[in-house]
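Q: For reference, the structure I am asking about is given below.
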DNA sequence: TCCATTAGTATCCTTTTTGATACTACCATA
DNA sequence: TATGGTAGTATCAAAAAGGATACTAATGGA
């Protein structure tokens, strides 16, 4: 006799919503502060405009982020976490810590920071 | 003036290792007990043999799971978490809880369980 | 002798994801 | 008048991921 699953695992519910290559990183950046589209794009250095737009739309649809459009020219759009989005932050914090520990354990721990080590630049 | 990142975010280190469609779910199943290949495959109902093999190889390479081959016929291979793999479990537990809360908050909470609700079958 | 079993490989093909590029509107400034 | 800046869309092409199928070894049992 053996046990078998005929249930919907809630880990995979979470993966459906914050999984993928970009969503966690977007939420993680927004957990520090509200950001504009272009600021997010600079922080996620490898993301293309198309991907960022797509992922933001999905996060908005799923109720994790809020999109605020200012009626200005040039356009300004600010993204921030909703309460639902805030509730993901503890998971991200654990992931951040685990990643650090992993790098240390595997001796790759050179020059890594969890929160931005920042260089100031002109905007 | 604005802050910009020139660092390697450790959230993305974690994503590189346990991200993707299957790895978290594999680790989650193995957190309950050591499982054979075919047992894992049955628990991850949608995974193909190819995908499961591939993901297990990567998890083994990254030091999260242990692969024990028994010299028997037909072959028997058992997968279990290493200490490094165990250290991921708290993240998975949070994800499990978050998924549950999300379903409740969005009123989709019918018939969902985090740990297997089990039906016994012949093996 | 033939079949079932397990844990895979190998191959080919399809689907999905991702990337690159060009284009838009609107206003301010040089 | 031309240029720059923001936050996008639209389109096509390339790359990656995933799926289907066939195949393997070695043994026990019908």
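Q: Taking the simple approach of a point 7 Å from Cα along Cα-to-Cβ for both residue A:46 and residue B:69, what is their distance in nm?
A: 3.2
Q: Calculate, for residue B:53 and residue A:89, the FRET efficiency according to 1/(1 + (r/R0)^6) with r their C-beta to C-beta distance and R0 35 Å; round to the nearest 0.05. Show your work: numbers first, answer last.
A: Numbers: r = 35 Å, r/R0 = 1.00.
Approximately 0.50, to the nearest 0.05.
Q: OK, next. Using a label point 7 angstrom from Cα along Cα-to-C-beta, what distances in nm, from shortest up, separate residue A:108 from the other copies?
A: The answer, with the shortest distance listed first, is 3.3 nm.
Q: So, one more: Averaged over its residues, how many other protein chain Cβ atoms are within 10 Å of peptide B:102-108's Cβ atoms? If you can, show how the numbers build up before the last one.
A: Details: counts 12, 4, 0, 4, 5, 0, 2.
That average works out to 4.
Q: If you don't mind, another one. Taking 7 Å along the Cα-to-C-beta vector as the label spot, tell me the residue B:80-residue A:76 distance in nanometres, rounded to one decimal.
A: Taking the simple label geometry, residue B:80 and residue A:76 are separated by 5.9 nm.
Q: If the label for residue B:75 sits 7 angstrom from Cα along the Cα-to-Cβ line, what are its distances to the same label in every other copy, in nm to one decimal, shortest first?
A: Result, one decimal in nm: 5.4.
Q: Highest first, please rank the peptides A:52-63, B:69-80 by the mean number of other Cβ atoms sitting within 10 Å of their residues.
A: In decreasing order of mean packing, A:52-63, B:69-80 become A:52-63, B:69-80.
Q: So, one more: List the distances, in nm to one decimal, from the label point of residue B:63 to the label points of the same position in every other copy, shortest first, placing each label point 7 Å from Cα along the Cα-to-Cβ direction.
A: 4.0
Q: Once the mean 1/r over all distinct Cα pairs of the range B:10-106 is inverted, what Kirkwood radius in angstroms do you read off? Spell out each step's value before the answer.
A: Numbers: mean 1/r = 0.0706 Å⁻¹.
Computed over Cα pairs of the range B:10-106, the Kirkwood hydrodynamic radius comes out at 14.2 Å.
Q: Evaluate the distance, in nm, between pseudo-label points positioned 7 Å from the Cα of residue A:60 and of residue A:38 along their respective Cα→Cβ axes.
A: Calculated label separation equals 1.8 nm.
Each reported figure results from applying straightforward, stated rules to the coordinates on display, with no laboratory input. In this text the structure is predicted, and so the values were computed from the model without any measurement. Neighbour counts are summed over all protein chains in view; Cβ atoms, including those assigned to glycine, are modelled from backbone coordinates with ideal geometry.
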